[in-house]
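Here is the structure we will look at, set down as structure tokens.
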Amino acid sequence: MPRKLSRVTKTPVHHVLIAVSSVLAAGPVAAGPPPDPWHAWLLVALARQVDRQRWLVRVQRERLSHASRRGDVPGMPGWKFYFHGIGLCLTAPDGETIDVDDHGDNGLTIDPWFFTQRILSLPYPALPERRLLAFLPTADAMAAAIGELTREGLLVRNEHRHVFRVVPEIEENAGAFAAIDFSDASLRARWAEHLGDHELLAVERPSAATQARAAAQRDAYKRYLRAGIAHEATASAFIEPLETVLEPAEFVDVCAGLIDASVNATSGHAIERLDVHPDYPVCPAVARLLARADPALHHPYAVHAAARYLLRRGIERDRAVEVVLAFARVEVVAGYLGNPFLGELALLLLEHAPPHALAALRRGLRSSTPAVRTDVAAALAALGQAWCLRELVLALDDAATFEESASVRAALSWIGSDEARAAVAHWTQTHVLRTTEGPGYRWEEIQEACADDSLAYEIDERRAWADATRPGIDPDFDRVVWG
């Protein structure tokens, strides 16, 4: 039998704990306003996460040792394990990923990132997780709601970390939450009624009354998301949930407000979400963002998103290219050692305005930022045109160290032509990889070991882009540009 949960002060979110206590104990529906179902299902899912994490700890103790860093779990066909830092990750045959750091409490401490990734990895979520995803469909939305439960005292953060534990009343009943079989329709209806999930209740017990309550719940959910959008700390997290419940024109208006408010990650994310809907009304705020973007002040992310949005739609093309060029010329973005978006900006120019792209592409291949070098090298390898090979060989000639040349050499090796292989062979014969004496590895050694795999992954990611972009680029692109 589940242990009875103690009563707590009836603040709006604490109604969640009262409702969960009553339904777990098969009691009556609690008096007063129902809880918000998105918070209620989140708390239930967190309780079930605790049980799953305790199971992982048992698997580790009974079946695994640190003798191997990764491999198959003995006696559990199809299961894989991977030790990392203070953590262990188990992957099920169906794709479920359970990742837990060892905090010395037998798996009771939850990392919000590990929790959200497990929820998103579930191929066939059970009812609590399925309803949680219906309300909070992204990792950021779940993390924002976790913050809300924490502020209400239902989750307790570690003093020095972002990790947390659920309140003891829930934690002690984690096994009971995990053991519930939601295949019974009457049980699903009872949980829906207790947790205030009127949409689910309308499915299980359809009637005019339940349909009316479901409509009211949908309105309340929209108000909740709009309230989250109004706060800078959570605005980005609630863009995608709102996208699923608003009409196109409404969603464009919401995004316009975020875009006009600032040039930052939130406005960039809003533009990206608009960009996936070419059938939605054009958002004038995107062009307004480019008009006020300052390369000396702003991070390139939102600018890249805005320029891509406009270029794909053929709107203010010259202005978009001008701004991209200005941000691509920035050597060091505030807070970074280089320009982390140089590669994306250069490839955007290559896609939409090839005559303006070559200088940025060349700087990208020689960037001080490894990810930028990889982005550009992978894109050129995927395109596979004659000019791509020439640019990669030129970049290799300019590289002084194995670290600087890792992505370029990997791209040339992937191309595999006689000229490419000869260039790599000549370079490696005339340069020396510095190796570590004793334990540990230098960053250059790590990059060297991972370069081929990283490049291959990026090439796969770029294939569709390359196939769409290639017809618009002259194979002698570099010679045409420079005459």
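The values are calculated or read from the model by the stated rules, or taken from the named source; none is laboratory data. For clarity, every value in this text was computed on a predicted model and none was experimentally measured. Here the Cβ positions follow ideal geometry from the backbone for every residue, glycine too, while neighbour counts run over all protein chains shown. Side chains included, ligands, DNA and RNA excluded: accessible areas come from the protein's heavy atoms. Shrake-Rupley method; radii C 1.70, N 1.55, O 1.52, S 1.80 Å.
Do you know which of the residues in region 121-133 that are among the aliphatic types (A, V, I, L, M) and open to solvent by 10 Å² or more (accessible area, probe 1.4 Å) is nearest to R58 (Cα to Cα)?
L122
Residue-wise test of (1) in a loop (DSSP other than H, G, I, E, B); (2) of a type in the set (S, T, Y); (3) at pLDDT below 95; (4) at positive phi.
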site	(1), (2), (3), (4)
G32	yes, no, yes, yes
L43	no, no, no, no
D51	no, no, no, no
R58	no, no, no, no
D99	no, no, no, no
G107	yes, no, no, yes
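Could you run through region 229-250 and say how many residues are closer than 15 Å to A261 by Cβ and in contact with a Phe, Trp or Tyr (Cβ under 6 Å, 6 or more places away or on another chain)? Spell out the reasoning first.
If we filter region 229-250 for residues that are closer than 15 Å to A261 by Cβ, which is where we start, we get 229-236, 238-239.
Pick out the ones that are also in contact with a Phe, Trp or Tyr (Cβ under 6 Å, 6 or more places away or on another chain) and you get 229.
Residues in region 229-250 being closer than 15 Å to A261 by Cβ and in contact with a Phe, Trp or Tyr (Cβ under 6 Å, 6 or more places away or on another chain): 1 in total.
Consider region 99-120. How many of its residues are open to solvent by less than 30 Å² (accessible area, probe 1.4 Å) and more than 11 Å from Q49 (Cα to Cα)?
Of the residues in that region, 2 qualify.
Please go through region 324-339 and give me each residue that is in a helix (DSSP H, G or I) and open to solvent by 10 Å² or more (accessible area, probe 1.4 Å), ordered by number. Before you say what the answer is, go through the steps one by one.
First, pick out the residues of region 324-339 that are in a helix (DSSP H, G or I): 324-328.
Residues satisfying the conditions are L325, A326.
What number of residues within region 145-168 satisfy the criterion of being over 13 Å from F115 (Cβ atoms) and of a type in the set (A, V, I, L, M, F, W, C)?
Final tally of qualifying residues: 3.
W427: under 18 Å from D452 (Cα atoms) and open to solvent by 50 Å² or more (accessible area, probe 1.4 Å), yes or no?
Taking the combined requirement at face value, the residue does not satisfy it.
Within region 25-48, restricting attention to residues that are aliphatic (A, V, I, L, M) and open to solvent by less than 10 Å² (accessible area, probe 1.4 Å), which residue is farthest from Y224 (Cα to Cα)?
A47
Can you tell me which condition S368 does not meet? The list is (1) surrounded by fewer than 21 Cβ atoms within 10 Å (Cβ to Cβ); (2) assigned to a helix (DSSP H, G or I); (3) among the polar types (S, T, N, Q), and all the others hold.
All conditions pass for S368, except number (2).
From R218, R226, R188, grab the single residue that is touching a Phe, Trp or Tyr at 6+ places or on another chain (Cβ under 9 Å) and surrounded by fewer than 17 Cβ atoms within 10 Å (Cβ to Cβ). Don't jump to the end; show me each part of the working.
On the way: R218 fails: touching a Phe, Trp or Tyr at 6+ places or on another chain (Cβ under 9 Å); R188 fails: surrounded by fewer than 17 Cβ atoms within 10 Å (Cβ to Cβ).
Testing whether each residue is touching a Phe, Trp or Tyr at 6+ places or on another chain (Cβ under 9 Å) and surrounded by fewer than 17 Cβ atoms within 10 Å (Cβ to Cβ) leaves just R226.
Looking at region 145-165, which of the residues that are within 24 Å of the chain's Cα centre (by Cα) and aliphatic (A, V, I, L, M) is surrounded by the most Cβ atoms within 10 Å (Cβ to Cβ)?
A145
Only one of (1) among the small types (G, A, S); (2) over 23 Å from V333 (Cβ atoms); (3) at pLDDT 95 or above fails for S405. Which number is that?
Failing condition for S405: (3).
List pairs: first in region 219-237 and in a helix (DSSP H, G or I), second polar (S, T, N, Q), Cβ under 6 Å, 6+ apart or cross-chain?
Listed pairs, sorted by first residue: G228/T234; S236/T266.
Quick one: which of A360, A411, A382, A395 is open to solvent by less than 20 Å² (accessible area, probe 1.4 Å), of a type in the set (A, V, I, L, M), assigned to a helix (DSSP H, G or I) and touching a residue at least 60 places away in the same chain (Cβ under 8 Å)?
Sole residue among the options that is open to solvent by less than 20 Å² (accessible area, probe 1.4 Å), of a type in the set (A, V, I, L, M), assigned to a helix (DSSP H, G or I) and touching a residue at least 60 places away in the same chain (Cβ under 8 Å): A382.
Being in contact (Cβ under 8 Å) with a residue 24 or more places away in the chain, within 16 Å of D140 (Cβ to Cβ) and in contact with an Asp or Glu (Cβ under 7 Å, 6 or more places away or on another chain) narrows it down to one residue among R288, R273; which is it?
Of R288, R273, the one residue that is in contact (Cβ under 8 Å) with a residue 24 or more places away in the chain, within 16 Å of D140 (Cβ to Cβ) and in contact with an Asp or Glu (Cβ under 7 Å, 6 or more places away or on another chain) is R273.
Hey, any hits in region 114-124 for a residue that's under 30 Å from E159 (Cα atoms), polar (S, T, N, Q) and in contact with a Lys or Arg (Cβ under 6 Å, 6 or more places away or on another chain)?
no
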